[in-house]
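Engineer: Let me give you the structure first, and then I'll get to my questions.
The values are calculated or read from the model by the stated rules, or taken from the named source; none is laboratory data. Everything quoted here is computed from the prediction, not taken from an experiment. Note that each Cβ is placed from the backbone with ideal geometry, even for glycine, and that neighbours are counted across all protein chains shown.
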Amino acid sequence: MHIHGLIEDTATLAALCSRLAKSDFITVDTEFMRENSYWPELCLIQVANTEEAAAIDPMAPGLDLKPLLELMTENDDVLKVFHAGGQDLEIVYNLTGKTPFPLFDTQVAAMALGQGEQIGYSNLVDTYLGIVVDKGARFTDWARRPLDARQIEYAIGDVTHLSKIFPKMLEKLRKSGRGVWLNQEMDRLGDPENYRNDPDVAWERVRISSRKPEVLGRLKALARWRELEAQGKDLPRGRIVKDETLADLASNPPRKQADLTRVRGLSAAWANNDIGGRLMAAIEGSKPMSAAEMPSRDERKPALGKDGALVADLLKLLLKIRAKEINVAARLLARSEDLEALAAGVRAGLPILEGWRYEQFGRDALALVEGQLGFTVKGGKLKMTRTEEPTA
């Protein structure tokens, strides 16, 4: 494989992307910094196919990333391969408003192949290639220039190794017939809505016990205010106000700006400065949350009761047994909230009652809930036993 030098100009990048556009797949990775910012600071992009690989410096003066971004989001003929690519996809979305398509995530694929729920990249490389990855450069400052040779070598290794691993994984998936299992997961991962930072729904991320419309209305207004402050200042949300402080302000709103000095987690200076004034304006301008906006008790987690909770525990036990039997990550088969919903009587809209999940697990899960399946111990091992034939 040919390894290019660090790409720092648009013409060289465009030529590379023109060649990569003829590939069946490309592997992609990024290096970024986000500890001190709201938006991840893109510091390096690595791409490869089976013949060549390169690192691209997005911080190079005058470099236009358009050829690469068009390859990622406009070219449907080239599969884009990532490992645990959620944050990489977020970066592409922030730059384009789109996500790479079509895409393949090797961490998700490893779940279908029984290699754990969140296998790390280093373990994946060791498993498939027998190579121990040098992690020494992993936590370096990627924003500092110039990058040294060790950093670039480490970064390019991420995509060159992946370009060798992906065909091996693909072959295993074909032999096992499990490739179709991944379609829904890849669609979910690539959904642009996952990466849209909408200030009007920011309140949904904040945990609060109250269900009073006026409290939730204040929380919505405060979360929107915080999101806009964080975006405008390019600071992490928690640097503006922490979640617990936001919830406290919504539940116990100060009557005037001077009262902000009494709020734990806020600077005393907010009693007189502009940001404190904007916080108070958000509180004062809030309205009780409408009935249409009010969250349900939890549609995905209906009230179980004591018996329902026991049924959910049995379903989780069944999930462990089935995942072990077919050698697949339990999380790919079912999530806890789906099992709890099934135990509570929900049937419509559950992924475990549709498609391959129903065939592999949902049918037995439903039989267990409806009294057609039980557990027994044979030879010291836990087994599933049918108590009656399932109804048609």
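Engineer: Show the residue pairs meeting these rules: Cβ distance below 9 Å; 6+ apart or different chains; first residue within the stretch 363-385 and under 17 Å from I352 (Cα atoms) and at pLDDT below 90; second residue of a type in the set (D, E) and part of a helix (DSSP H, G or I).
Structural biologist: Listed pairs, sorted by first residue: L373/D364.
Engineer: Give the residues of the stretch 72-107 that are farther than 22 Å from S18 by Cβ and without any contact (Cβ under 8 Å) to a residue 40 or more places away in the chain, sorted by residue number.
Structural biologist: A84, Q107
Engineer: So how many residues does the stretch 334-391 have that are surrounded by fewer than 11 Cβ atoms within 10 Å (Cβ to Cβ) and among the aliphatic types (A, V, I, L, M)?
Structural biologist: 2
Engineer: Can you spot a residue in the stretch 200-208 that is of a type outside the set (V, I, T), outside any helix (DSSP H, G or I) and assigned by TED's automatic domain parsing to the domain that holds E74?
Structural biologist: Checked the stretch 200-208: no residue is of a type outside the set (V, I, T), outside any helix (DSSP H, G or I) and assigned by TED's automatic domain parsing to the domain that holds E74.
Conditions tested, residue by residue: (1) under 30 Å from the mean Cα position of the chain (by Cα); (2) in the same structural domain as G345 (by TED's automatic domain parsing); (3) closer than 13 Å to R218 by Cα.
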residue	(1), (2), (3)
P236	yes, no, no
V241	yes, no, no
E244	yes, no, no
P253	no, no, yes
A258	no, no, no
G265	yes, no, no
G277	no, no, no
A292	yes, no, no
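Engineer: Give the stretch 113-142 a look and list any residue that's in contact (Cβ under 8 Å) with a residue 40 or more places away in the chain, within 13 Å of E31 (Cβ to Cβ) and surrounded by fewer than 16 Cβ atoms within 10 Å (Cβ to Cβ), or say none.
Structural biologist: The one that is in contact (Cβ under 8 Å) with a residue 40 or more places away in the chain, within 13 Å of E31 (Cβ to Cβ) and surrounded by fewer than 16 Cβ atoms within 10 Å (Cβ to Cβ): D141.
Engineer: Anything in the stretch 240-277 that is within 22 Å of R34 (Cα to Cα), among the charged types (D, E, K, R) and either outside any helix (DSSP H, G or I) or touching a residue at least 40 places away in the same chain (Cβ under 8 Å) (or both)? List them, or say none.
Structural biologist: K242
Engineer: Same structure again: Scan the stretch 185-205 residue by residue and report those that are among the aliphatic types (A, V, I, L, M) and more than 17 Å from Y38 (Cα to Cα).
Structural biologist: Passing the criteria: M186, L189.
Engineer: Do we have L317 as surrounded by fewer than 16 Cβ atoms within 10 Å (Cβ to Cβ), outside any strand (DSSP E or B) and aliphatic (A, V, I, L, M) here?
Structural biologist: Considered against the rule, which asks whether it is surrounded by fewer than 16 Cβ atoms within 10 Å (Cβ to Cβ), outside any strand (DSSP E or B) and aliphatic (A, V, I, L, M), L317 comes out as yes.
Engineer: Related question: Within the stretch 259-291, how many residues are among the polar types (S, T, N, Q) and in contact with a Gly (Cβ under 8 Å, 6 or more places away or on another chain)?
Structural biologist: Of the residues in that region, 1 qualify.
Engineer: Let me ask another. Could you tell me whether A281 is under 21 Å from R207 (Cβ atoms) and at pLDDT 95 or above?
Structural biologist: The answer is no for A281.
Engineer: Condition (residue is within 20 Å of D187 (Cβ to Cβ) and in contact with a Phe, Trp or Tyr (Cβ under 7 Å, 6 or more places away or on another chain)) applied to the stretch 112-134: is it met by at least one residue?
Structural biologist: yes
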